[in-house]
Amino acid sequence: MRAGGQRIVEEYENGDSPEVVCAHDADKLECLVQAVEYREQGYANVQAWIDSSLAGLRTDSAKALADAALNMSCVEWQRTYLR
């Protein structure tokens with residue numbers, strides 16, 4: 001069982017399958033949305049966090065969601081995409 005878990009971690013860290021790319025994009029998107037929420041709450045030093053999250057996105061769908069997150073309020077984004 002341990003070896004199976006280790007293979008999954010290795011695949012996530014080193015793989016380039018569509019599933020791994022999607023998982024990485026999901027992680028970067030979550031970071032970006034969190035940074036945008038912090039920015040809306042008044043935290044000023046989040047732009048580098050937003051920029052690095054954007055730079056790590058690889059799929060068109062993740063880039064479209066990121067664009068929406070950056071151009072909507074957090075409440076509007078949640079109402080639109082988290083139903």
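Between a first residue in region 27-43 that is under 22 Å from Glu13 (Cβ atoms) and a second residue that is open to solvent by 40 Å² or more (accessible area, probe 1.4 Å) and part of a helix (DSSP H, G or I), which pairs have beta carbons less than 7 Å apart while being 6 or more apart in sequence or on different chains?
Leu29/Leu65; Cys31/Trp49; Leu32/Leu54
Take Arg58 and tell me if it is outside any helix (DSSP H, G or I) and either surrounded by 12 or more Cβ atoms within 10 Å (Cβ to Cβ) or modelled with pLDDT of 90 or more (or both).
Yes; evaluated as a whole, the condition is true for this residue.
Of the residues in region 65-82, how many are under 23 Å from Glu19 (Cα atoms) and either assigned to a loop (DSSP other than H, G, I, E, B) or open to solvent by 60 Å² or more (accessible area, probe 1.4 Å) (or both)? Write out each step before concluding.
Just the residues of region 65-82 that are under 23 Å from Glu19 (Cα atoms), to begin with: 65-69, 81-82.
From the residues that got through so far, the ones that are either assigned to a loop (DSSP other than H, G, I, E, B) or open to solvent by 60 Å² or more (accessible area, probe 1.4 Å) (or both) too are 67, 81-82.
Counting residues in region 65-82 that are under 23 Å from Glu19 (Cα atoms) and either assigned to a loop (DSSP other than H, G, I, E, B) or open to solvent by 60 Å² or more (accessible area, probe 1.4 Å) (or both) gives 3.
Step by step: first the residues of region 1-20, then only those that are of a type outside the set (D, E, K, R), in a helix (DSSP H, G or I) and touching a helix residue (DSSP H, G or I) at 6+ places or on another chain (Cβ under 9 Å), then the one that is most open to solvent (accessible area, probe 1.4 Å). Which residue is that?
In this case the residue turns out to be Asn14.
Return the pair list, or none, for Cβ contacts closer than 6 Å from residues in region 67-83 that are closer than 18 Å to Ser53 by Cβ to residues that are β-branched (Val, Ile, Thr) and surrounded by 14 or more Cβ atoms within 10 Å (Cβ to Cβ), at least 6 apart or on different chains.
Pairs found: Ala69/Val33; Ala69/Val36.
Confirm whether Ala44 is exposed (fewer than 12 other Cβ atoms within 10 Å of the Cβ), over 10 Å from the mean Cα position of the chain (by Cα) and in a helix (DSSP H, G or I).
Numbers: exposed (fewer than 12 other Cβ atoms within 10 Å of the Cβ): yes; over 10 Å from the mean Cα position of the chain (by Cα): yes; in a helix (DSSP H, G or I): no.
Here the answer is no, as Ala44 does not meet what is asked.
The values are calculated or read from the model by the stated rules, or taken from the named source; none is laboratory data. Here the structure is a predicted model, which is why all the values come from computation and not from measurement. Because the Cβ atoms are built from the backbone with ideal geometry, glycine has one as well, and the counts that use them run over all protein chains shown. Side chains are part of the model used for accessible areas, which takes the heavy atoms of the whole protein and leaves out ligands, DNA and RNA. Shrake-Rupley method; radii C 1.70, N 1.55, O 1.52, S 1.80 Å.
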